[in-house]
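Have a look at the structure below before the remarks.
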Amino acid sequence: MRRGACGAVRAALTIVSVHIVAAGLVATAPVGEASAADVAREPFHYTVGAYSWSGPYLGVNLGYQGGATSNNPTRPTGVVGGAQAGYNWQTGQFVLGGEADIQLSSASDTFAPWKFSNPWFGSARARVGFALNQVLLYGTLGVAFGGISVAGAGLTESKIHTGWTGGGGVELGITSNVSAKVDYLFVDLSDRAYTLVGSSAIKSHLVRLGFNYRF
C-alpha cells in the first residue's frame, strides 16, 4: 500500500509540474512576441552631438611663405607666424564670419646687391563656410596690407603696401572651445615706387597651421 501511495504522489506531482511549466510558457509567450514586434517597429537612430561654430575667437598660427617680387628675380621665402581674431555666425550648416590677422615673416631674398624682404603683413577678410558637425570647410577673401623693405649699398628703403588676399582651409573642432585649422592664402601686395629700385611688389603663397579658442 505504501508503494502504491508513493507512486500515486509522484504521478500527481509530475502532472502538477507539467501544468505549471505549460502555464508559464503560455503566460510569457505573448510578452516575448510583443517585445519583438516593438523592437521591429522602432526605427534606428544614430545621432551625433551638434557642434557650434558661433561666437568670437582668438588664435595663433605658424607656417611658410613663398613669394616673388615684381620687376626683379628675387623670391622672398621664409617662416611666418602670427595671431588671428574673428567672429562666426552659424545658421544650420552654413557659417559666416570675419577674421583679421597680423603676421611676422622671415621671408627675404637677395639680388645683386639688393635684399628684398617682407617682414610683416596682415589682412581683414570675410569667411564663408560649410559645417559638417566638427569639421568646417571655408573660403576667405579680403584686403591685405604689409611692409616691404629694400636694402643695399648701405641704404634701406621701406614702404607699406596694400592689396588683396584670398584662400581657404579646413578647421577641426577638438573640444567645444578649441579648434585646429590648416589654411592657404594668396597675398598680393601691390606695386609702389621705390627710389632705390623703381616699382616693386610682392605676391606670396602661404600655408599655415593654426589653433583657435572660442569664447
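The values are calculated or read from the model by the stated rules, or taken from the named source; none is laboratory data. This is a predicted model, so every value here is computed, not measured. Quick reminder, even Gly has a Cβ in these numbers, built from the backbone with ideal geometry, and neighbours come from all protein chains shown.
Tabulated values for the structure
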{"read-out": "Of all residues in region 93-112 being surrounded by 14 or more Cβ atoms within 10 Å (Cβ to Cβ) and more than 17 Å from residue 145 (Cβ to Cβ), the one that is nearest to the chain's Cα centre (by Cα)", "value": "95"}
{"read-out": "Checking residue 75 against (1) among the charged types (D, E, K, R); (2) under 17 Å from the mean Cα position of the chain (by Cα); (3) not in a strand (DSSP E or B), the condition it does not meet", "value": "(2)"}
{"read-out": "In region 74-92, the residues that are surrounded by fewer than 18 Cβ atoms within 10 Å (Cβ to Cβ), over 16 Å from residue 118 (Cβ atoms) and not polar (S, T, N, Q)", "value": "83, 85, 87, 89, 92"}
{"read-out": "Matching entry among 46, 57, 64 (being at pLDDT below 95 and either in the same structural domain as residue 150 (by TED's automatic domain parsing) or of a type in the set (Ser, Thr, Tyr) (or both))", "value": "46"}
{"read-out": "In region 162-201, the residues that are of a type in the set (Phe, Trp, Tyr) and within 29 Å of residue 213 (Cα to Cα)", "value": "164, 184, 186"}
{"read-out": "In region 105-156, the residues that are of a type in the set (S, T, N, Q) and on the phi > 0 side of the Ramachandran plot", "value": "133"}
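Here is a yes/no grid of residues against (1) within 22 Å of residue 74 (Cα to Cα); (2) in contact (Cβ under 8 Å) with a residue 12 or more places away in the chain; (3) loosely packed, with under 15 Cβ neighbours inside 10 Å:
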residue	(1), (2), (3)
114	yes, yes, no
131	no, yes, no
138	no, yes, no
165	yes, yes, no
185	yes, yes, no
199	yes, yes, yes
205	yes, yes, no
